[in-house]
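Peer 1: Have a look at this one before I ask anything.
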Amino acid sequence: MASLKEKIGYALGDAAAGGITWKIMSIAFPLFFTNVFGLTFADAGALMLIARLFDVVTDPLMGSLADRTQSRWGTYRPWLIYGAIPFGLVFALLLYTPDFGPVGKRIWAYSLYLLMMALYTAVNVPYGSLLGVMTDDDNEKNQFSSFRMVGAYAMGFITLLSFPYLQKFVGGTEQHQYAVLGAFFGAIAAVGTLACGLLTKERLKPVRAEKFTFRPFIDLFKNKPWIYLTLIGICTNFFNGFRYAVAGYLFEYCLHGNVTVSGLIINFTVFMTFGELTCMIFGGVSPKFTEWVGSKRKAFMWAAVICLVFSIGFFFIPMDPAYIWVMVAVVILTSVGIGLYSPLLWSMYADVADYATEKNGTSSTGLIFSSGTMAQKFGTAISGSLVALFLGLAGASMITDEMGNTVVDPASITDSVLNMVWMLFSILPAVIALLIIILTYLYPIKK
């Protein structure tokens, strides 16, 4: 029986990766790269697309490598323990804007972003795989998944809520603010990752293949539950990715900057914080909701229906700061669905890993969980890339200011760009939610 300390320790892993690094990368990076760092929309879009092609190779290789690791720390934990400091350090460097020309900035951004993705893989694939070896009890897996999501959303709430106030506290230019906050949050992420590695236990021994072969990769594509769950995972991350990536532009262009209500600064990070808090609460409720509904599959479908309905509802809110609390209310209601399905996804990956072990005779837990991490990065970063490309297609363009910096041309932010932003936050996620419902209905593991 796992202790509360261990469950909290496991939660710290996703508090670091999901609640800090990935949350900032999802919501702040698109706007940071174009409006602060100085990349063009095309450069920012290409950067995230190239990184995803890179992940298609590195994520499954990392999963296979993790499955074959043997050390005094276990199979998966050493990757968290030894990867923690590089993980936090590269994240900090990625939010630093060097005093380089356009070519130098491109090299800096591309190199560090790819390195960050590699380190995220090296830490997060083993972290997800831990769930498969900490317990063989299905209820306890759900509890660990729930703690994981609560940790991620609680830290995401703290990160996004504090971000604008910390920027104000740091002062100076936006480039200086992002650099300081990168170092601050990078240090916290490193400590959380290290604590997770030290506080968790691996109770089950993976059934290892005697030597490396490509057989586990071939078996994946014969694993029908894995195929459906991977598609579901990609869609859930597309759903979140579009909303997070476009939130900064929604405030910058549609709402004309930050909205201040009774002294509360509501910018794009605070706006999404309301959703983080909701996800944290309903992530904790998810195991009970699943018991009440009767199965993970049914619970997932109902959660996706909630996301579909309220995403469509957001589209009909007037594009006016006076309606900010209506927007917040709809974000909260949408996040009820996200909070309910998020813990289920990782618990379902554990089910797929058990199914694969039973069918094939050897463990491919790390490889299967790597597809979850790949789906997370693929969905989130491709959506960020597509947001930049869609805004460019809608007419947004860049100019060079008097200091020689590449900036967004205010004259290019026309009604067509504003409507594109609004649809990327509402209608497109609604279409993705509908796909999630269909795929979950077809998912073959019924428990």
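Peer 1: Filter region 37-55 down to the residues that are of a type in the set (Gly, Ala, Ser) and at pLDDT below 75, then identify the one that is surrounded by the fewest Cβ atoms within 10 Å (Cβ to Cβ). Quick ask: steps written out before the conclusion?
Peer 2: As a first pass, look at region 37-55 and keep what is of a type in the set (Gly, Ala, Ser): 38, 42, 44-46, 51.
Adding the requirement that they be at pLDDT below 75 leaves 45, 51.
Working: 45: 24, 51: 22.
For region 37-55, the residue satisfying everything is 51.
Peer 1: Just to check your reading of the model, which residue among 253, 244 is open to solvent by 10 Å² or more (accessible area, probe 1.4 Å), within 19 Å of residue 26 (Cα to Cα), at pLDDT below 85 and out of contact with any strand residue (DSSP E or B) (no Cβ under 8 Å at 6 or more places or on another chain)? Can you show your working first?
Peer 2: Details: 253 fails: at pLDDT below 85.
Matching residue, one of 253, 244: 244.
Peer 1: Condition first: in contact with a helix residue (DSSP H, G or I) (Cβ under 7 Å, 6 or more places away or on another chain) and open to solvent by 10 Å² or more (accessible area, probe 1.4 Å). Now tell me which residues in region 159-168 satisfy that.
Peer 2: First pass over region 159-168, keeping only residues in contact with a helix residue (DSSP H, G or I) (Cβ under 7 Å, 6 or more places away or on another chain): 159-161, 163-164, 166-167.
Those that are in contact with a helix residue (DSSP H, G or I) (Cβ under 7 Å, 6 or more places away or on another chain) and open to solvent by 10 Å² or more (accessible area, probe 1.4 Å): 161, 164, 166, 167.
Peer 1: Name every residue in region 227-264 that is more than 11 Å from residue 425 (Cα to Cα) and either among the charged types (D, E, K, R) or in contact with a Cys (Cβ under 8 Å, 6 or more places away or on another chain) (or both), in order of residue number.
Peer 2: Correct list: 252 only.
Peer 1: Filter region 128-140 down to the residues that are part of a helix (DSSP H, G or I) and modelled with pLDDT of 80 or more and list them by number. Quick ask: steps written out before the conclusion?
Peer 2: Filtering region 128-140 for residues part of a helix (DSSP H, G or I) gives 128-129, 131-134, 138-140.
128, 129, 131, 133, 134, 140, listed by residue number.
Peer 1: If we scan region 301-308, do we find a residue that is touching a residue at least 60 places away in the same chain (Cβ under 8 Å) and among the β-branched types (Val, Ile, Thr)? Please lay out each step first, then the result.
Peer 2: Going through region 301-308, the residues touching a residue at least 60 places away in the same chain (Cβ under 8 Å) turn out to be 301, 304-305, 307-308.
From what's left, among the β-branched types (Val, Ile, Thr): 305.
Checked region 301-308: at least one residue is touching a residue at least 60 places away in the same chain (Cβ under 8 Å) and among the β-branched types (Val, Ile, Thr).
Peer 1: Filter region 86-104 for residues that are part of a loop (DSSP other than H, G, I, E, B) and among the hydrophobic types (A, V, I, L, M, F, W, C); which is farthest from residue 20 (Cα to Cα)?
Peer 2: So in region 86-104, the residues part of a loop (DSSP other than H, G, I, E, B) come out as 95-101.
With among the hydrophobic types (A, V, I, L, M, F, W, C) added as a condition, the list becomes 95, 100.
Details: 95: 13, 100: 27 Å.
Among residues in region 86-104 that are part of a loop (DSSP other than H, G, I, E, B) and among the hydrophobic types (A, V, I, L, M, F, W, C), the one farthest from residue 20 (Cα to Cα) is 100.
Peer 1: If you go through region 138-158 one residue at a time, do you hit one that is within 27 Å of residue 109 (Cβ to Cβ), free of Cβ contacts under 8 Å to residues at least 24 places away in the same chain and open to solvent by less than 40 Å² (accessible area, probe 1.4 Å)?
Peer 2: No, because not a single residue in region 138-158 is within 27 Å of residue 109 (Cβ to Cβ), free of Cβ contacts under 8 Å to residues at least 24 places away in the same chain and open to solvent by less than 40 Å² (accessible area, probe 1.4 Å).
Peer 1: Scan region 220-244 residue by residue and report those that are under 13 Å from residue 432 (Cβ atoms) and aliphatic (A, V, I, L, M).
Peer 2: Correct list: 231, 232, 234.
Peer 1: Right, here's the next one. Could you list, in sequence order, the residues of region 141-152 that are modelled with pLDDT under 85 and either polar (S, T, N, Q) or over 15 Å from residue 287 (Cβ atoms) (or both)?
Peer 2: The initial filter retains those residues of region 141-152 that are modelled with pLDDT under 85, namely 141-143, 145-146, 149-150.
Result: 142, 143, 145, 146.
Peer 1: Right, something else. Just wondering, is there one or more residues in region 64-80 that are open to solvent by 10 Å² or more (accessible area, probe 1.4 Å), in contact with an Asp or Glu (Cβ under 9 Å, 6 or more places away or on another chain) and not in a helix (DSSP H, G or I)?
Peer 2: Yes, region 64-80 contains at least one residue that is open to solvent by 10 Å² or more (accessible area, probe 1.4 Å), in contact with an Asp or Glu (Cβ under 9 Å, 6 or more places away or on another chain) and not in a helix (DSSP H, G or I).
Peer 1: Go through region 83-109 and report how many residues are aromatic (Phe, Trp, Tyr) and in contact (Cβ under 8 Å) with a residue 24 or more places away in the chain. Walk me through it before giving the result.
Peer 2: Step one: of region 83-109, the residues aromatic (Phe, Trp, Tyr) are 87, 91, 96, 100, 108.
Now drop any that are not in contact (Cβ under 8 Å) with a residue 24 or more places away in the chain, which leaves 87, 91, 96.
Residues meeting the conditions: 3.
Peer 1: Also, quick follow-up: From the list 184, 157, 144, exactly one residue is aromatic (Phe, Trp, Tyr), under 15 Å from residue 268 (Cβ atoms) and under 20 Å from the mean Cα position of the chain (by Cα). Which is it? Outline the logic, then answer.
Peer 2: On the way: 184 fails: under 15 Å from residue 268 (Cβ atoms); 144 fails: under 15 Å from residue 268 (Cβ atoms).
From the options 184, 157, 144, the qualifying one is 157.
Peer 1: Hey, among the residues in region 310-325 that are aromatic (Phe, Trp, Tyr) and modelled with pLDDT under 95, which one's most open to solvent (accessible area, probe 1.4 Å)?
Peer 2: Restricting to residues being aromatic (Phe, Trp, Tyr) and modelled with pLDDT under 95, the top hit is 325.
Peer 1: Among the numbered criteria (1) assigned to a helix (DSSP H, G or I); (2) over 15 Å from residue 343 (Cα atoms), which one does residue 172 miss?
Peer 2: (1)
Peer 1: Oh, and also: Mind checking which residues of region 169-191 are open to solvent by 90 Å² or more (accessible area, probe 1.4 Å) and touching a residue at least 12 places away in the same chain (Cβ under 8 Å)?
Peer 2: 174, 184, 191
Peer 1: Search region 248-259 for residues that are in contact (Cβ under 8 Å) with a residue 40 or more places away in the chain and pair each with any residue that is surrounded by 18 or more Cβ atoms within 10 Å (Cβ to Cβ) and not in a helix (DSSP H, G or I) when their beta-carbon atoms are under 8 Å apart and the residues are at least 6 apart or on different chains.
Peer 2: Final answer for the pair search is 248/28; 253/413; 258/266; 258/267; 259/266; 259/267.
For (1) modelled with pLDDT under 70; (2) open to solvent by less than 10 Å² (accessible area, probe 1.4 Å); (3) in contact with a Phe, Trp or Tyr (Cβ under 7 Å, 6 or more places away or on another chain), each residue gets a yes or a no:
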site	(1), (2), (3)
347	no, yes, no
352	no, yes, yes
355	no, no, no
373	yes, yes, no
385	no, yes, no
395	no, no, no
399	yes, no, no
410	no, no, no
418	no, no, yes
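The values are calculated or read from the model by the stated rules, or taken from the named source; none is laboratory data. This one's a predicted model, so the numbers in the text were calculated from it and none came from an experiment. With ideal geometry, Cβ positions are generated from the backbone for all residues, glycine too; neighbour counts draw on all protein chains shown. Accessible surface is based on the protein model in full, side chains and every heavy atom, while ligands, DNA and RNA are left aside. Shrake-Rupley method; radii C 1.70, N 1.55, O 1.52, S 1.80 Å.
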